[in-house]
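Take a look at the structure below.
Computed from the coordinates by the stated procedures, all read-outs in this text should not be read as laboratory data. Please read all numbers here as calculations on a predicted model, not as lab measurements. Cβ: placed from backbone, ideal geometry, glycine included. Neighbour counts: every protein chain shown.
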Amino acid sequence: MFYREAGQFKASYQEDQQIFTIRQDRVGFWAILAFFFLAVPAFANQYWLQAILTPVLIFSLAAIGLNILTGYAGQLSLGSAAFMAVGAFGAYNFMLRIDGMPFIVAIILGGLCAAAVGILFGLPSLRIKGFYLAVATLAAQFFIVWALVKFPWFSNHSSSGVITTQEIVIFGFAFDSPEKKYLISLAIVAVLALLAKNLVRSTTGRAWMAVRDMDVAAEVIGIRPMRTKLQAFAVSSFYCGVAGALYGYTYLGTVEPEGFNLDLSFKILFMIIIGGVGSIMGSFLGAAFIVLLPIFLNVAMHSTLGGAVPASLAANLELIIFGGLIIFFLIVEPHGLARLWQIGKEKLRLWPFPH
Amino acid sequence: MKLKTTVLLGAAVAGLLATGYAAAQQQQFIGLPSYRVGPYASGGSGIYGGWIDYMTLINERDGGINGVKLAWEECETEYNNARGVECYERLKGKGTTGNSVFQPLSTGITYSVLDRVAQDKIPLVTMGYGRTDAADGRVFPWVFPLITTYWSQASAIVNYIGTKEGGMDKLKGKKIALLYHDSAYGKESHAIMDKLAAKHGFEVLKIAVAHPGNEQQSQWLQIRQSKPDYVVLWGWGVMNPTALRTAQRTGFPREKMVGVWWSGAEEDTIPAGDAAKGYTSAGFNVAGANYPVIKDIDKFVYGKSKGNMEDKSRLGSVYYNRGVVHGIITVEAIRTAQEKFGKGKPLTGEQVRWGFEHLKIDDKKLAALGATGFMPDLNVTCADHEGAGKVKFQQWDGAKWKVVTDWVEGDKPLVRGMIEESAAAYAKEKGITPRDCSKES
């Protein structure tokens, strides 16, 4: 009834090409942005800002990165966490070694480092596909973490290999409180997400999808597979790198190479699978799901079961429920949360009439 | 379509959370960021089990600390930094006075919350792990690497080897292999071993083992070829039993192997079978259930079926006893703080910090606690947040750990010098002005 496009006409190409073609969507989008930019920092408490929302945003960005590579370009990768590490250590070293390096530039440079490394480890994708490629990117995962531990230069010769990130200062304004750190993460993530959304709708994105769906056919219609695949690796690693830098600067404050282990790569992979492969929106939903569910289960376990069951059993139960829920989700909706959202929207457009 | 269920679910969750918050009143709250699943669960369950049992003992036997009962809540970190930060944020505001102490039992989480604890005024206790240079309390007022640090331990191990050889001067020309876990934790040993090698004239052979460490053939081949006099095992988790088994296969005598305290628990030796026989390891607490404090836990806690351990036979194991040490130190710090800030009321994190900084546990106190010989005596000051720096060496006889030395101290001036140097570098990097300890009360 309320969510219907009747009467909304598109009179120009521009109107036809916008991201949200329905007015209600546009209003909703701006309302959500305004909510997260204005209402959340004003009303949310420190715990929510610092321990929940900031990591969700950062993981969303990493998930967008992997989604570009796996969801849009069809190249399986298990190295996302390693590219995050490159971004984090890259940004740290740029800030450390170049006087007066602006924070935003350092983050972008960190992302570019990750992009370069991503291209390097994307080279095998020209010859191998699917699971074989996933195994090849595992090499990136192990090699990068090993290199960061092995060469103390990366961590500025810290005795334990852990880096403590510098303060975030932009134009003399220090981003030191949880609210400010949340806001800067949100701003960067929002800009990059919008960029990604436009990228996948453009020629580049269509080329990625053509290569994903059938690379031989894509080559026949004039898409250069090598360039396209490496481009996907570069863009994807850039996103992961920026996410890694934010992870260090706005979330943890200190990072060690082991923090970017295979577990984290898997987690990001789960995020896109749960959220929806090949969907920017799904990256956000998946990241929120994977970050929030264990925390929710942990809190719920402690307040409900409390002393009733042994703590180690409760901790294991959490894992069991978490795994069970993921399986349940994938059976109910194999295309992820983004698909559920899409179905919901379609139903709304028809509501209250079923046909 | 599912609006109703969502609202109902949300309301239910909110209700649960509210009851959880309301429960703690006039209690000293202690947040426990534990790990009972994940790769290091065997250590985590033992240590947190022991710690919780000790706090239960205080509540059950003594009715709390001067009448203030202890309350705690666990938060599962899975030994993961991000989860650890979430736990820290979740627990910090709980209880009437907030979280009084944070002991994450993970070097990674320690680093991640290092800046946060200073802002939130919550003491961070890292017993036997974490940032070694935090022992300089002038630069790190909120961090307490109590009892002993990695550097003190390495130095104590070298001293122990020296006495075994019949004097420190006998170390000249000897060769010591350092078989370490290739991670931040393993690398903590490098700087101090190099210093000690230069001082005593022995040679250090550093051999890295990649995580997790269940493949060590090439490393032990290298050891066989270079024939070191001793092997210092700086391992963690599955790396330890593998090292012992591979040593047996290579024919390296286990009597010449000395482990650090994360390589010296039953979880390390029992899987290695008889390959572990004769192996010695350092520890800042000893194994054994024959101490009055453990007997009290058995009587007052398990006697009332309030114990935390599922497997009661782990009482008296190295990790369990280490948990009890965590409990003793936390409780005594709160007791010390209560003497200054008023008995019988819950204290804030800042007040408990004072308690940690003035913590004195001498032999008399240890006897009163039923822990003579169980842990070293402790004297924490404003400048020295380590307090003891002593370890005992235990040898595995095939069935249990046997204490073979008294408390062994490291080369204190050397270690302290390195700590101060490193802390000063940190202070400079961060722009911290060290406190003047002569002006502190």
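Just tell me how shielded B:178-187 is by partners: mean number of partner chain Cβ atoms within 10 Å of each residue's Cβ, no decimals. Before the final figure, lay out each step's value.
Values: counts 0, 0, 0, 0, 3, 7, 10, 4, 3, 6.
Mean number of neighbouring Cβ atoms from other chains: 3.
With 19 Å as the cut-off, how large is the P(r) tail for the range B:30-130, expressed as percent of Cα-Cα pairs?
Details: 2069 of 5050 pairs.
When all Cα pairs of the range B:30-130 are counted, 41 percent exceed 19 Å.
Could you please report the charge total around B:GLU78, scoring K, R as +1 and D, E as -1 over all other residues with beta-carbon less than 13 angstrom from its beta-carbon? All intermediate terms of the calculation are to be shown ahead of the outcome.
Working: positive: A:LYS267, B:ARG36, B:ARG83; negative: A:ASP263, A:GLU318, B:GLU74, B:GLU76, B:GLU86.
Computed value for this residue: -2.
Testing the spin-label approximation: label points 7 Å from Cα along Cα→Cβ at B:GLN217 and A:PHE37. State their distance in nm.
In this crude label model, B:GLN217 to A:PHE37 measures out at 6.1 nm.
In percent, how large is the relative contact order of chain A, given Cα pairs closer than 8 Å and 6 or more residues apart?
On the way: 525 pairs, mean separation 103.5, N = 355.
The normalised contact order for chain A reaches 29 percent.
How big is the convex hull of the Cα atoms of the range A:120-169, per residue, in Å³?
Working: hull volume 5.9 nm³, N = 50.
Convex hull of Cα atoms, per residue: 118 Å³.
With the Cα gyration tensor of chain A giving a ≥ b ≥ c as the square roots of its eigenvalues, does the rule (a/c under 1.5 for rounded; else a/b larger than b/c for prolate; else oblate) give rounded, prolate or oblate?
Working: a/c = 1.35, a/b = 1.14, b/c = 1.19.
Rounded.
Give the angle, between 0 and 90 degrees and rounded to the nearest 10, that separates the Cα long axis of helix B:107-120 from the longest principal axis of the Cα atoms of chain B.
Approximately 40 degrees, to the nearest ten.
Can you tell me, using C-alpha contacts under 8 Å and at least 6 residues apart, the relative contact order of the range B:93-222 as a whole percent?
Details: 167 pairs, mean separation 22.0, N = 130.
Dividing the mean separation by the residue count of the range B:93-222 yields 17 percent.
Show me, for the range B:160-167, the HN-Hα J-couplings you get by feeding each phi into the Karplus relation (A = 6.51, B = -1.76, C = 1.60, θ = phi - 60°), rounded to Hz, glycine and proline as x.
Running phi through 6.51 cos²θ - 1.76 cosθ + 1.60 with θ = phi - 60° gives 5, 4, x, 5, 5, 7, x, x Hz.
In nm, to one decimal, how far is the modelled label at A:GLN18 from the one at A:GLU333, with both set 7 Å along Cα→Cβ?
That separation, rounded to one decimal, is 2.6 nm.
Arrange the following residues from fewest to most other Cβ atoms within 10 Å of their Cβ: B:SER438, B:SER317. Spell out each step's value before the answer.
Working: B:SER438 7, B:SER317 25.
Ranked by crowding around the Cβ, least crowded first: B:SER438, B:SER317.
Note the full-extension length gain between A:ASP176 and A:TRP153 as 0.36 nm times their separation in residues minus their Cα-Cα distance, in nm to one decimal. Numbers along the way, then the final one.
Details: separation 23, 0.36 × 23 = 8.28 nm, distance 2.69 nm.
Answer, rounded to one decimal: 5.6 nm.
Between B:ASP274 and B:PHE341, what length comes free when the chain is fully extended (0.36 nm per residue of separation minus the Cα-Cα distance, one decimal in nm)?
So the chain would gain 18.8 nm between B:ASP274 and B:PHE341.
As a check on your grasp of the helix formula, calculate [θ] at 222 nm for chain B: sum -39500 (n - 2.57) over DSSP H runs of n ≥ 4, divide by the residue count, round to the nearest 500.
For chain B, the value works out to -13500 deg cm²/dmol.
Any idea which of B:GLY417, B:GLY342, B:PHE374 is furthest toward the positive side of the dipole for the range B:290-441, if Lys and Arg beta-carbons carry +1 and Asp and Glu beta-carbons -1?
The listed residue farthest towards the positive side: B:GLY342.
Got a sec? How would A:TYR3, A:TYR132, B:TYR180 order by Cβ neighbour count within 10 Å, fewest to most? Walk me through the numbers on the way to the answer.
On the way: A:TYR3 15, A:TYR132 12, B:TYR180 25.
By the 10 Å Cβ count, ascending, the order reads A:TYR132, A:TYR3, B:TYR180.
Once the dipole of the protein assembly as shown is set up with Lys and Arg at +1 and Asp and Glu at -1 on Cβ about the Cα centre, which of B:GLY167, A:LEU195, A:THR228 lies farthest towards its positive end?
The one lying farthest along the dipole's positive direction is A:THR228.
Send over the Kirkwood Rh of the range B:157-248, from the inverse of the averaged 1/r over different Cα pairs, rounded to one decimal Å.
Values: mean 1/r = 0.0743 Å⁻¹.
Result for the range B:157-248 stands at 13.5 Å.
Can you list residues from other chains, or at least 5 along the same chain, whose modelled amide H is less than 5 Å from the amide H of A:THR254?
A:THR165
As I understand it, the dipole of the range B:38-172 uses +1 on the Cβ of Lys and Arg and -1 on the Cβ of Asp and Glu, about the Cα centre. Which of B:ASN59, B:GLN153, B:PRO104 lies farthest toward its positive end?
Ranked along the dipole, the leading option is B:GLN153.
Jot down the radius of gyration and Dmax of the range A:148-281, Cα atoms only, both in angstrom.
Values for the range A:148-281 (Cα only, Rg and Dmax): 18.4, 55 Å.
In what sequence, highest mean first, do B:152-162, A:20-30, B:280-290 appear when ranked by Cβ atoms within 10 angstrom?
Details: B:152-162: 25.2, A:20-30: 13.0, B:280-290: 22.3.
Packing order, densest peptide first, comes out as B:152-162, B:280-290, A:20-30.
So what's the Cα pair-distance distribution over the range A:100-226, bin width 10 Å, in %?
10, 25, 32, 23, 10, 1
Over 5 Å intervals from 0, what percent of Cα-Cα pairs in the range B:145-194 sits in each interval?
5, 18, 26, 24, 16, 9, 2
Over chain B, calculate the relative contact order: mean separation of alpha carbon pairs under 8 Å at least 6 apart, over the residue count, as a percent. Display every interim value, and only then the final one.
Working: 862 pairs, mean separation 89.2, N = 441.
Contact order relative to length: 20 percent.
Set the Förster radius R0 to 35 Å, insert the Cβ-Cβ distance between A:LYS347 and A:ALA217 as r into 1/(1 + (r/R0)^6), and round the FRET efficiency to 0.05.
With R0 = 35 Å, the Cβ-Cβ based efficiency is 0.55.
Beta carbons within 10 angstrom, averaged per residue: use that to sort the peptides B:383-393, B:259-269, highest first. Write out the running numbers ahead of the final one.
Numbers: B:383-393: 24.2, B:259-269: 25.7.
For the peptides B:383-393, B:259-269, the packing ranking is B:259-269, B:383-393.
Could you bin all the Cα-Cα distances of the range A:267-317 into 10 Å bins starting at 0 and give me the percent of pairs in each, rounded to whole numbers?
Calculated P(r), rounded to whole percents: 26, 34, 25, 14, 1.
Shielding by partners for B:131-143, please: the mean number of other protein chain Cβ atoms within 10 Å of each residue's Cβ. Numbers along the way, then the final one.
Numbers: counts 4, 2, 2, 0, 0, 0, 0, 0, 0, 0, 0, 0, 0.
Mean partner shielding for this stretch: 1.
Dipole size in debye (nearest 20) for the protein assembly as shown around its Cα centre, Lys and Arg Cβ +1, Asp and Glu Cβ -1? Spell out each step's value before the answer.
Working: 76 positive and 65 negative charges, 186 e Å.
Dipole of the protein assembly as shown, to the nearest 20 debye: 900 debye.
Can you list the residues, at least 5 places off or on another chain, whose amide H is less than 5 Å from the amide H of B:LEU205, using H built in the peptide plane?
Amide H neighbours of B:LEU205, under 5 Å, 5+ apart: B:ILE176, B:ALA177, B:LEU178.
Enter the angle in degrees (range 0 to 90, nearest 10) between the Cα long axis of helix B:3-22 and the first principal axis of the Cα atoms of chain B, meaning the one along which they spread out most.
The angle comes out near 80 degrees.
On alpha carbon coordinates alone, what is the Rg over Rh value for the range B:372-441, Rh being the Kirkwood radius? Present the calculation step by step, with values, prior to reporting the outcome.
Details: Rg = 17.1 Å, Rh = 15.0 Å.
Dividing the radius of gyration by the Kirkwood radius yields 1.14.
Treat chain B as a sphere of radius equal to its Kirkwood radius over Cα pairs and apply Stokes-Einstein at 20 °C in a medium of 1.002 mPa s; give the translational diffusion coefficient in µm²/s, rounded to a whole number. Provide the component values of the computation, followed by the final result.
Numbers: Rh = 22.5 Å.
The Stokes-Einstein estimate is 95 µm²/s.
Can you pull the mean other chain C-beta count within 10 Å for peptide A:153-160?
Numbers: counts 0, 0, 1, 1, 1, 8, 15, 15.
Counting other chains' Cβ atoms within 10 Å and averaging over A:153-160 gives 5.
Please get the size of the charge dipole for chain A, origin at its Cα centre, with Cβ charges of +1 on Lys and Arg and -1 on Asp and Glu, quoted in debye to the nearest 20.
Values: 22 positive and 17 negative charges, 166 e Å.
The calculation lands at about 800 debye.
Sorted by mean Cβ packing within 10 Å, highest first, what order do the peptides A:65-77, A:217-229, B:344-356, A:189-201 take?
Numbers: A:65-77: 27.8, A:217-229: 14.6, B:344-356: 21.0, A:189-201: 16.8.
Ranked by mean Cβ neighbours within 10 Å, highest first: A:65-77, B:344-356, A:189-201, A:217-229.
Could you state the angle between the C-alpha long axis of helix B:239-250 and the longest principal axis of the C-alpha atoms of chain B, as a value from 0 to 90 degrees rounded to the nearest 10?
20
With Rg and the Kirkwood Rh both taken from Cα atoms, where does Rg over Rh land for the protein assembly as shown?
Details: Rg = 28.0 Å, Rh = 28.2 Å.
In the protein assembly as shown, Rg relative to Rh is 0.99.
So the label point goes 7 Å from the Cα of A:VAL309 along Cα→C-beta, right? Which residues of the range B:39-72 then have their backbone N under 18 Å from it?
From the range B:39-72, the list is B:45.
What does the charge dipole of chain B about its Cα centre add up to, to the nearest 20 debye, if the Cβ of each Lys and Arg holds +1 and the Cβ of each Asp and Glu holds -1?
Details: 54 positive and 48 negative charges, 59 e Å.
The calculation lands at about 280 debye.
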